[in-house]
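Trainee: Okay, here's the structure, questions in a sec.
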Amino acid sequence: MKPQYVVAACLTLLTGIANAQSFSNSRDSTIIYFGQPDTTSYGQVFNSAGGTLTDWSFFADSGNAGNLGLVISAWDGVKAVGPALYQSSVFSYAGGAQSLSFNGINKSFSAGSYIAYLTVAGVNGAASNVGIAGSSTDGGMSGGFRFLNSDGVDPLTLDQSWSNWNVANMQYSANFVSAVPEPESLALMLAGLGLVGAVARRRVRPQA
């Protein structure tokens, strides 16, 4: 194998170690109304192939300032299932049109179905009458919009099916990074690549 091919193989393998995937859709509607006094939780069901979720964003079109949070949990086909896999700190929504962005999630997910949902359950000074951006496309994770009016009760404490609406999805963006191999596996792979490179160098050495 020529040295340049060895380098190309190394780069391909190393790129696969930290393969980033972005998912998003475009706004084409508004879902009304999230928060007090109407609906406790708005969520987007998504199907993950596995990896580490680094950040997630929803988008508000309008509404009154207040607090809310993001929760991610497993989805059994009809409802969110506890315990929460991720729960944000309180997010202070300024009102009006705004990106509701949650960074630094860094949560690993195995392949399966999940729901990421905005909630005012148990939140003091909750946001109210928030119009959330909706979309007709699922952003590449084959999910859909669901909501639950639980009168401020944590959805994960209830055995209650969530409802859908005439808007198929929430507008969102999410970024995943593929799983990184265990240190032992990575060391073995790099050692193997080094051996292949050494053999390649010997093959191209000029004859005496």
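The values are calculated or read from the model by the stated rules, or taken from the named source; none is laboratory data. Keep in mind that what you see is a predicted model, and the values were worked out from it rather than measured. Note: ideal-geometry Cβ built from the backbone for every residue, glycine included; neighbour counts use all protein chains shown. Only protein heavy atoms, including side chains, enter the accessible area calculation; ligands, DNA and RNA are left aside. Shrake-Rupley method; radii C 1.70, N 1.55, O 1.52, S 1.80 Å.
Trainee: Quickly work out the residue 136-to-residue 27 label distance, labels modelled 7 Å from Cα along the C-beta direction, and quote it in nm with one decimal.
Mentor: If labels sit at residue 27 and residue 136, their model points lie 1.8 nm apart.
Trainee: Let me ask something else. For the range 104-147, list residues with backbone N below 14 Å from a point placed 7 Å from the Cα of residue 67 toward its Cβ?
Mentor: 119-128
Trainee: What do you reckon, how do 172, 86 stack up by accessible area (1.4 Å probe), largest on top?
Mentor: Highest to lowest solvent-accessible surface, that is 86, 172.
Trainee: Tell me the accessible surface of residue 115 in square angstrom (1.4 angstrom probe, heavy atoms of protein chains only), to the nearest ten.
Mentor: About 0 Å², rounded to the nearest 10.
Trainee: Once the whole set of protein chains is in place, how much accessible area is left on residue 78, using a 1.4 Å probe, in Å² to the nearest 10?
Mentor: For residue 78, the solvent-accessible surface is approximately 70 Å².
Trainee: For an R0 of 25 angstrom, estimate the FRET efficiency from the Cβ-Cβ distance between residue 165 and residue 94 and round to the nearest 0.05.
Mentor: That pair, residue 165 with residue 94, gives E of 0.50.
Trainee: Alpha carbon centre of the range 30-67 versus the range 82-134: separation in Å?
Mentor: Spelled out, the Cα-based centre of one part sits 5 Å from the other.
Trainee: Sticking with this one: Kirkwood Rh over Cα pairs of the range 50-184 into Stokes-Einstein at 25 °C, 0.890 mPa s: D in µm²/s?
Mentor: In µm²/s, the coefficient is 157.
Trainee: Once you put a point 7 Å from the Cα of residue 124 and another 7 Å from the Cα of residue 87, both along the Cβ direction, what distance in nm separates them?
Mentor: For residue 124 paired with residue 87, the spin-label model returns 1.6 nm.
Trainee: Also: Largest first, what is the accessible-area ranking of 54, 119 with a 1.4 Å probe?
Mentor: Putting 54, 119 in descending order of accessible area: 54, 119.
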